[in-house]
Amino acid sequence: MNTTPLRVLIHGASGRMGQALMRLAAESPANWQVVAAVTRRAPAQRVVDGVPHFAAAELAGVPDFDAAIDFSLPEGFDPVLALCVARARPLVSGTTGLSPEQRGKLDAAAATIPLLWASNFSVGVAVLNELVERAARALPGWDCDIVESHHVHKKDAPSGTALTLGESAQQGGAQPRYASLRAGDIVGEHLVQFAGQGERIELVHRATNRDIFARGALQAASGLAGRAPGAYTMRGLLFGDA
């Protein structure tokens with residue numbers, strides 16, 4: 001059995017998700033080894049806890065890696081995608097706000113490398129999407145409502161996760177409606193309700209810690225290693241239909 005850890009490049013290492021990725025990888029050295037941490041600005045230290053740090057402008061000089069994980073900004077996305085294509089390495093990205101042109105570049109890159117872009121890397125949410133499609137397919141004619149709750153600072157509504165759940169419901173034949181709540185410091189809650197005559201089904205996912213998203217991204221990077229080029233999903237990796 002191969003016990004060599006996956007060599008990972010973290011792009012956007014100074015952000016909240018980047019820091020979580022660095023910490024979780026360090027806690028599981030048998031699974032992941034961060035070989036490069038890339039930040040937008042020049043790093044104050046070149047090596048921190050044994051991890052080499054690079055500025056985004058130095059991206060071309062990073063050491064070899066098995067997969068890149070990107071949680072950055074749209075303006076920093078193109079270079080890391082180009083690097084992965086040039087080196088034929090998988091890319092996992094959760095960078096939001098990508099332009100239609102950047103989406104097109106993602107689609108084109110999938111012809112040459114394995115990649116996974118997602119608005120939510122929670123393993124639980126991936127399972128919820130599967131359950132929602134199955135429920136919608138089994139309950140034709142039932143009302144479908146999706147209620148999402150987040151902290152007061154979240155601006156987009158409905159959330160990207162809610163819209164993805166809605167797509168799963170539509171694939172099963174339902175026509176979802178959406179409601180959004182912004183309150184306190186809620187990390188993220190998604191309720192999908194199917195209502196029929198005299199009965200109701202509720203499928204709920206509650207996130208209580210943001211580490212679940214970083215942990216899911218690391219698992220996705222491991223899942224892409226060794227795969228053929230293509231656009232993958234968390235749901236596909238979990239259920240074997242990637």
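The values are calculated or read from the model by the stated rules, or taken from the named source; none is laboratory data. The shown structure was predicted, so the numbers you read here are calculated from the model rather than taken from an experiment. Glycine gets a Cβ as well: all are built from the backbone with ideal geometry, and neighbour counts include every protein chain shown.
Structure data summary
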quantity	calculated
Criterion violated by residue 198 - all others in (1) of a type outside the set (D, E, K, R); (2) out of contact with any Cys (no Cβ under 9 Å at 6 or more places or on another chain); (3) touching a residue at least 12 places away in the same chain (Cβ under 8 Å) satisfied	(3)
Count of the range 155-169 residues which are out of contact with any helix residue (DSSP H, G or I) (no Cβ under 8 Å at 6 or more places or on another chain) and surrounded by 15 or more Cβ atoms within 10 Å (Cβ to Cβ)	4
Top-ranked residue in the range 1-22 [being in a helix (DSSP H, G or I) and either on the phi > 0 side of the Ramachandran plot or in contact (Cβ under 8 Å) with a residue 40 or more places away in the chain (or both); ranked as surrounded by the fewest Cβ atoms within 10 Å (Cβ to Cβ)]	16
Unique residue being surrounded by 15 or more Cβ atoms within 10 Å (Cβ to Cβ), assigned to a loop (DSSP other than H, G, I, E, B) and not assigned by TED's automatic domain parsing to the domain that holds residue 105 when the list is 186, 146	186
All positions within the range 30-47 that are surrounded by fewer than 16 Cβ atoms within 10 Å (Cβ to Cβ) and more than 17 Å from residue 225 (Cα to Cα)	41, 42, 44, 45, 46, 47
Considering residues of the range 170-180 that are surrounded by 15 or more Cβ atoms within 10 Å (Cβ to Cβ) and out of contact with any Asp or Glu (no Cβ under 6 Å at 6 or more places or on another chain) only, the residue farthest from residue 236 (Cα to Cα)	178
Subset of the range 180-200 (residues that are of a type in the set (D, E, K, R), modelled with pLDDT of 95 or more and within 30 Å of the chain's Cα centre (by Cα))	182, 189
Residue list for the range 88-116, restricted to those being surrounded by fewer than 21 Cβ atoms within 10 Å (Cβ to Cβ), under 30 Å from residue 203 (Cα atoms) and either without any contact (Cβ under 8 Å) to a residue 60 or more places away in the chain or not assigned by TED's automatic domain parsing to the domain that holds residue 10 (or both)	97, 98
Hits in the range 59-77 - residues which are in a helix (DSSP H, G or I), surrounded by 14 or more Cβ atoms within 10 Å (Cβ to Cβ), out of contact with any Pro (no Cβ under 9 Å at 6 or more places or on another chain) and not small (Gly, Ala, Ser)	77
Qualifying residue in the range 95-109 (condition: closer than 18 Å to residue 222 by Cα and either at pLDDT 95 or above or not in a helix (DSSP H, G or I) (or both))	no
